[in-house]
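The values are calculated or read from the model by the stated rules, or taken from the named source; none is laboratory data. All values reported here derive from a predicted model rather than from experimental measurement. Heads up, the Cβs are rebuilt from the backbone with ideal geometry, glycines too, and the neighbour counts pull from every protein chain shown.
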Amino acid sequence: MKKTTNIGEYLIQRLYQHGVKHVFGIPGDYVLGFYEQLSQSKLVSVVNTCDEQGAGFAADAYARVRGLGAVCVTYCVGGLKVANTTAGAYAEKSPVVVISGAPGMKEREKNPLLHHKVKEFDTQKKVFEQFTAASTVLSDPQTAFQEIDRVLHAALRYKRPVYIELPRDMVFKTGVPHYQPPDLHEASDPDTLRSALAEAVSMINRARKPVILADVEVHRFALQDELLKLARRTNIPVATTVLGKSVVGEQHPFYLGVYEGALGRDDVRRYVESSDCVVMLGAFLTDINLGIYTARLDPARAIYANSEKLSIRYHTYEDVRFKDFMRGLAGARLRRRARRKIPTPPPAGTFRAKRGNVQITIKRLYQRLNDFLGANTVVVADVGDALFGATDLFIRHRTEFLGPAYYASMGFAIPASIGAQLANPKSRPLVLVGDGAFQMTGMELATTARQGLNPVVIVLNNFGYGTERHIQDGPYNDVPLWQYSRLPEIFGAGRGFVVRTEAQLDEALAAAAKWTKSFCLIEVQLEPLDRSPALERLAARLALNLKK
Ligand SMILES: Cc1ncc(C[n+]2csc(CCOP(=O)(O)OP(=O)(O)O)c2C)c(N)n1
Ligand SMILES: [Mg+2]
């Protein structure tokens with residue numbers, strides 16, 4: 001490191017060293033100094049979005065794909081707009097660094113009423129403490145570098161967002177000279193790890209019908225290779241949760257499908273629930289993952305390992321890192337089994353559009369989209385039937401499915417596709433978004449255009465909040481009709497299509513596959529009460545809960 005690095009420069013260097021090359025956000029006077037540094041830096045690029053919430057979702061998707069993301073905003077007016085996206089990143093374990101400008105330390109003396117202040121100078125920080133793994137105000141040049149490293153380490157260790165507040169008079173202050181970042185690697189306790197692995201191995205080897213249930217943390221901790229090795233070496237079948245969907249390529253012979261209790265495919269449910277040893281890896285037992293608590297997983301027959309907990313049946317092990325456990329298991333002496341006949345996802349089949357004026361249904365839409373998926377497609381789904389229907393898509397390659405499958409904030413998909421494609425420029429996002437969710441953040445397509453990105457956006461237009469209509473309907477579920485396909489005229493980029501029939505959908509997707517210069521927006525007009533089989537099951541379940 002240079003002798004005289006200042007606080008802002010150090011933050012940029014450390015973000016870059018952890019894989020961040022893009023920072024999303026909108027400037028303001030409290031953060032302009034740092035924005036100037038960002039834009040002068042050769043290490044990272046600034047991506048301006050239309051709204052801070054868009055930046056927050058983009059950074060979240062970027063973090064899911066690259067392992068760390070960053071959003072940079074101004075004090076409170078910008079910061080509090082990313083409160084929702086940060087909460088989502090916390091809930092779904094996505095390591096986003098929230099950097100907020102703030103009034104200078106000198107300006108805070110005597111507590112003046114500076115613009116953007118809500119109540120106290122630390123009000124915003126207190127809010128963020130609720131949904132970050134660590135937070136700091138870089139108020140002291142003596143400790144600033146150390147604080148940056150402490151907080152970034154927490155993001156990487158827990159795969160959760162962190163908050164860094166940068167008072168505007170601190171950005172150019174020199175930190176401690178000749179500072180060396182500490183080695184913060186945390187190791188498992190070797191004896192506990194050995195003993196946990198021994199118990200797990202013996203339980204798996206004794207089991208008649210073991211099954212692996214892989215979830216989101218396998219992805220977050222980049223342990224897909226270990227999972228693959230484990231399945232290949234042992235022939236133990238693998239199911240995933242909705243949140244963990246695509247953690248393994250879905251065409252592997254050992255892949256069972258998505259397990260989500262009574263909401264998922266019945267054959268997958270029966271297989272998993274009749275297993276005498278469910279190895280839950282990186283799992284997160286949320287209500288949606290558990291099919292609104294219709295899942296039947298008995299702890300007496302389970303190994304439950306994630307970054308926060310390791311339990312084998314009723315034994316809990318402390319001080320074992322999830323990564324070490326996964327690696328240990330992948331290399332352990334596990335019995336190789338004869339390949340069992342397992343339920344497999346129904347074959348994708350080839351879609352043949354019905355000729356004439358046959359209206360497209362959700363079910364047929366997903367069948368056609370299955371054909372559209374290519375090796376470089378990353379599917380980004382928003383809340384609504386976009387998410388539920390998409391669970392039946394076959395993701396060819398691992399980790400190519402992004403959706404807010406637990407926190408479930410609408411408005412995720414369009415901005416997330418920006419983050420996902422910048423994080424992996426070789427990918428082309430296929431964005432699935434309902435009309436309601438599109439009206440929340442669809443304007444970020446302007447950012448898509450500005451960045452020269454080329455997602456294919458499917459707006460599932462069922463003229464309202466379809467998911468809610470099935471639970472309880474009323475005029476509050478209607479969404480006004482926009483001419484979505486004309487947005488390219490406004491943004492000066494992209495191509496728009498409106499489709500109602502199978503033949504039109506087929507044509508539009510064929511055209512979108514060829515048009516890679518900019519984004520394509522395909523509005524698919526659906527019957528208001530049409531729905532995917534997954535949503536049908538979910539809505540029935542939620543309506544039941546409502547009546548309780
Ligand atoms: C930010 C936010 N506001 C409200 C909700 C509640 N909600 C869940 S699904 C839904 C309707 C979604 O409508 P749309 O995007 O059109 O998808 P559809 O259900 O029609 O497939 C609403 C309002 C939410 N999940 N997130
Ligand atoms: Mg809708």
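Observations on the structure shown:
- Pairs with Cβ under 9 Å, 6+ apart, first in region 218-230 and closer than 23 Å to Ile204 by Cα and in contact (Cβ under 8 Å) with a residue 40 or more places away in the chain, second in a helix (DSSP H, G or I) and of a type in the set (Asp, Glu): Val218/Glu226; Leu223/Glu217
Okay, residues lined up against (1) touching a residue at least 12 places away in the same chain (Cβ under 8 Å); (2) more than 16 Å from ligand 2 (Cβ to nearest atom); (3) more than 21 Å from Gly374 (Cβ to Cβ):
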site	(1), (2), (3)
Ser409	yes, no, yes
Ala413	yes, no, no
Lys426	yes, yes, no
Ala449	yes, yes, yes
Gly464	yes, no, yes
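- Candidates in region 430-466 are the residues that are on the phi > 0 side of the Ramachandran plot and part of a loop (DSSP other than H, G, I, E, B); of these, the one that is farthest from ligand 1 (Cβ to nearest atom) is Gly452.
- Members of region 522-548 that are among the basic types (Lys, Arg) and either crowded, with 19+ Cβ neighbours inside 10 Å or touching a residue at least 24 places away in the same chain (Cβ under 8 Å) (or both): Arg531, Arg537, Arg541
- For region 1-55, filtering for residues that are of a type in the set (Asp, Glu), more than 25 Å from the chain's Cα centre (by Cα) and surrounded by fewer than 20 Cβ atoms within 10 Å (Cβ to Cβ) leaves 2.
- Residue list for region 472-496, restricted to those being crowded, with 17+ Cβ neighbours inside 10 Å and out of contact with any Cys (no Cβ under 7 Å at 6 or more places or on another chain): Asn477, Val479, Tyr484, Ser485, Leu487, Pro488, Phe491, Ala493, Gly496
- Region 377-396, residues that are away from ligand 1 (no atom under 13 Å from the Cβ) and at pLDDT below 90: Thr391, Asp392, Leu393, Phe394, Ile395, Arg396
- Pick from region 467-483, criterion part of a loop (DSSP other than H, G, I, E, B), farther than 17 Å from Gly494 by Cβ and more than 14 Å from ligand 2 (Cβ to nearest atom), ranking: nearest to the chain's Cα centre (by Cα): Gln472
- Residue list for region 486-495, restricted to those being under 17 Å from Gln525 (Cβ atoms) and within 27 Å of the chain's Cα centre (by Cα): Leu487
- Residue check, His178 touching a residue at least 40 places away in the same chain (Cβ under 8 Å) and under 30 Å from Pro343 (Cβ atoms): no
- For region 467-483, taking the residues that are closer than 15 Å to Gly384 by Cβ and touching a Leu at 6+ places or on another chain (Cβ under 8 Å), the one that is nearest to ligand 1 (Cβ to nearest atom) is identified as Thr467.
- Subset of region 132-186 that is over 19 Å from Thr86 (Cβ atoms), β-branched (Val, Ile, Thr) and modelled with pLDDT of 95 or more - its residue that is nearest to the chain's Cα centre (by Cα): Val171
- Answer from Arg352, Arg335, Arg296 - the residue that is away from ligand 2 (no atom under 16 Å from the Cβ) and either modelled with pLDDT of 90 or more or in a helix (DSSP H, G or I) (or both): Arg335
- If you go through region 400-425 and keep only what is part of a loop (DSSP other than H, G, I, E, B) and among the aliphatic types (A, V, I, L, M), you end up with Ala405, Ala408, Met410.
- Considering the conditions (1) outside any loop (DSSP other than H, G, I, E, B); (2) under 15 Å from Thr240 (Cβ atoms), Lys323 is excluded by exactly one of them, (2).
- Among the numbered conditions (1) away from ligand 2 (no atom under 16 Å from the Cβ); (2) crowded, with 17+ Cβ neighbours inside 10 Å; (3) closer than 20 Å to Gly264 by Cβ, the only one that Phe519 does not meet is (3).
- Within region 1-23, if we keep just the residues that are β-branched (Val, Ile, Thr) and outside any loop (DSSP other than H, G, I, E, B), the residue that is farthest from Val176 (Cα to Cα) turns out to be Val23.
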